[in-house]
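This report refers to the structure that appears directly beneath it.
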There are 2 protein chains.
Amino acid sequence: MMEVVSEARAHGGTQGVYCHRSVATGTDMTFSVFVPPHREGMRLPVIWYLSGLTCTHANVTDKGEYRRVCAELGLIFVAPDTSPRGENVADDDAWDFGQGAGFYVDATQAPWAPHFSMWSYVADELPALVAANFPVDMDAQGITGHSMGGHGALTLSLRHPGRFRSTSAFAPIVAPSQVPWGEKALGGYLGADRAAWRGHDSVSLIEDGARVPGLLVDQGDADSFLDRELRPHLLAAACRAAGIPLELRMQPGYDHSYLFVSSFMEDHLRWHAARLLAGRSTGEAVAA
Amino acid sequence: MMEVVSEARAHGGTQGVYCHRSVATGTDMTFSVFVPPHREGMRLPVIWYLSGLTCTHANVTDKGEYRRVCAELGLIFVAPDTSPRGENVADDDAWDFGQGAGFYVDATQAPWAPHFSMWSYVADELPALVAANFPVDMDAQGITGHSMGGHGALTLSLRHPGRFRSTSAFAPIVAPSQVPWGEKALGGYLGADRAAWRGHDSVSLIEDGARVPGLLVDQGDADSFLDRELRPHLLAAACRAAGIPLELRMQPGYDHSYLFVSSFMEDHLRWHAARLLAGRSTGEAVAA
């Protein structure tokens with residue numbers, strides 16, 4: 001059901017890469033999981049990390065610098081792929097659409113609908129698979145992501161109230177309905193009716209009443225996509241109007257790369273752990 | 001003279017990639033430098049990191065997880081390439097010989113001699129270039145490396161007494177004259193006369209009288225190259241006979257990958273810093 005692609009010791013835990021046949025996408029899907037050192041039989045909080053355009057699980061797995069802190073705090077870290085892939089899967093020549101750019105939606109439009117069901121994949125299928133195969137405490141889930149993956153993290157959290165006890169993002173797309181990347185992707189996958197887009201637009205979701213307890217967002221001010229695609233002030237305005245506590249940190253001099261993500265990964269993981277481990281001793285896990 | 005390929009903010013400092021025309025190799029050479037946050041006009045200790053077979057500067061730059069600790073300790077981190085490269089440069093179909101596998105020697109044999117002068121490059125040319133272009137304190141140099149790069153770090157340090165105040169290695173090749181990788185490379189680059197190999201074999205160098213003040217070596221015990229290519233007990237025996245303090249740490253369950261290197265990078269950087277910053281306040285740099 002789930003094939004081990006690789007497993008290796010890292011920071012006292014195990015960094016694995018796994019492959020399985022997905023019902024949601026109708027393709028093989030690859031993802032990575034870091035399991036920190038822990039006592040046998042314990043279940044650990046889990047951080048879901050959704051990646052950005054062009055990425056696979058490998059970008060954050062190689063460059064995210066999350067393992068040391070996950071090992072210290074006792075967090076499992078899961079990184080899915082960003083789309084279905086394969087020769088028989090629809091694709092586009094652009095790097096911001098098609099394979100590598102699933103945008104965490106269930107496509108309704110041809111030729112994407114048969115395989116591009118990343119919403120169902122990350123919201124339902126992968127969590128069930130991970131819960132069945134790794135020592136995760138599904139009552140202590142946090143979610144984060146980068147760029148398109150920040151969009152995915154925010155929308156998943158907004159649409160599953162109570163599921164994620166902590167939500168953060170690195171340089172997220174916050175209002176895809178209002179920016180070129182998003183208009184292209186949501187139009188292509190969901191069709192021209194913009195009403196269908198609102199369920200996949202964080203700002204629209206908040207306007208329509210969705211709530212989360214709080215958000216941490218880091219954004220580099222030297223990010224070349226800042227003004228055109230990311231526009232975090234739109235999220236700030238929506239959160240202000242809705243009374244959602246948003247900690248938006250503009251980071252001077254940082255770009256959109258994994259040098260930015262890795263620089264602030266520790267802050268995010270500690271922010272998540274403070275919420276996931278609230279009421280427990282630090283690093284304490286729950287009995288399975 | 002030196003072209004900036006990329007520079008980006010990371011952990012409060014700057015991760016750069018640079019390219020220059022090398023006299024030693026007669027080719028363009030690419031390397032990376034991380035400069036931590038520091039006061040203007042200060043000069044900082046420098047760690048040279050030599051990479052292993054098949055690697056470029058990019059492997060450790062992406063996966064080494066050194067920036068956070070270098071930023072904390074005030075260390076500059078330099079990562080050269082492992083060989084000359086290019087269409088007009090000799091190569092071999094094997095992954096452990098030719099381009100990507102320069103072995104940190106000056107080749108004397110055809111077809112390698114015209115370009116494969118990595119010893120001169122890392123011992124002389126690159127240090128001069130870095131000293132001229134970055135705020136390094138050349139009186140506070142440490143050197144480390146991985147696998148073939150551990151071999152390079154050990155031999156460079158052994159043959160430049162006093163230059164490196166700290167020397168360490170991750171899973172190094174310690175006795176290339178006695179293992180397949182080394183016999184192929186030293187035979188190919190330096191010729192069949194094994195006398196010429198002794199200057200590029202750490203165990204032989206120690207037997208012949210070379211000394212360093214001390215060594216830190218980490219080695220995974222699940223490393224698939226351990227018994228055939230790495231054989232750290234040969235270094236241990238040579239150090240014991242020579243009275244060189246060697247801290248050889250066998251790390252249970254770790255393999256040969258960057259998951260291993262990154263797991264112990266912090267320990268190595270702190271070990272270097274303790275020696276490079278001895279007599280200074282932590283993080284204090286010297287005036288330029």
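Assorted remarks:
- Taking the helices alone, chain A has a mean residue ellipticity at 222 nm of -8500 deg cm²/dmol, built from -39,500 (n - 2.57) per DSSP H run of at least 4 residues and averaged over all its residues.
- At 7 Å out from Cα toward Cβ: B:GLY191 inter-copy label distances (nm, ascending): 7.8
- The stretch B:135-288 - charge dipole about Cα centre, Lys and Arg +1 at Cβ, Asp and Glu -1, debye rounded to 20: 380 debye
- For the chain pair B and A, the interface hides roughly 1800 square angstrom of accessible area in total, found with a 1.4 Å probe.
- log10 of Debye I(q)/I(0), alpha-carbon scatterers only, for the protein assembly as shown at 0.08, 0.10, 0.11 Å⁻¹: -0.59, -0.89, -1.04
- Each Lys and Arg adds +1 at its Cβ and each Asp and Glu adds -1 at its Cβ; summed about the Cα centre, the stretch A:2-278 shows a dipole of about 780 debye.
- Neighbour count of at most 16 Cβ within 10 Å plus DSSP loop: longest trypsin sites (Lys or Arg not before Pro)-free window in chain A: A:40-162
- GNM top mover of A:LEU277, A:LEU129, A:LEU246 - chain A, alpha-carbon springs below 10 Å: A:LEU129
- Based on the Kirkwood approach, the hydrodynamic radius assigned to chain A is 18.8 Å, with every pair of different Cα atoms included.
- Gained length - A:ASP193 relative to A:TRP95, 0.36 nm times residue gap less alpha-carbon distance: 32.9 nm
- Rel. contact order, % - alpha carbon contacts under 8 angstrom, at least six apart, the stretch A:2-278: 17 percent
- A:ALA10 long-range amide H proximity, modeled H, under 5 Å: A:GLN15
- Carbon and sulfur %, accessible surface of the protein assembly as shown computed with the full protein complex present, 1.4 Å: 49 percent
- For the pair the stretch A:129-185 and the stretch B:208-245, the centres of their Cα atoms are 47 angstrom apart.
- Taking 7 Å steps out from each Cα toward its Cβ at B:ASP28 and B:ASP267 produces label points 4.0 nm apart.
- Take the protein assembly as shown with all the other protein chains still there, run a 1.4 Å probe, and you get 36 Å² of accessible area per residue.
- Across A:VAL217, A:VAL69, A:VAL203, mean-square fluctuation computed from a Gaussian network of chain A (C-alpha pairs under 10 Å connected) peaks at A:VAL69.
- Label points for A:GLU247 are taken 7 Å from Cα along Cα→Cβ. From this copy to the others they lie 3.4 nm apart, shortest first.
- Charges were assigned to the Cβ only: +1 to each Lys and Arg, -1 to each Asp and Glu. The resulting dipole of the protein assembly as shown about its Cα centre is roughly 1540 debye.
- As a length-normalised measure over Cα pairs under 8 Å and 6 or more apart, the relative contact order of the stretch B:49-138 settles at 24 percent.
- Taking a point 7 Å from the Cα of A:THR108 along the Cα-to-Cβ direction, the residues of the stretch A:192-232 with backbone N closer than 13 Å to it are A:192-200.
The values are calculated or read from the model by the stated rules, or taken from the named source; none is laboratory data. Nothing here was measured: the structure is a model prediction, and the numbers come from that model. Positions of Cβ are backbone-derived with ideal geometry, glycine not excepted, and every protein chain shown enters the neighbour counts. Surface areas here come from the heavy atoms of the whole protein model, side chains and all, with no ligands, DNA or RNA. Shrake-Rupley method; radii C 1.70, N 1.55, O 1.52, S 1.80 Å.
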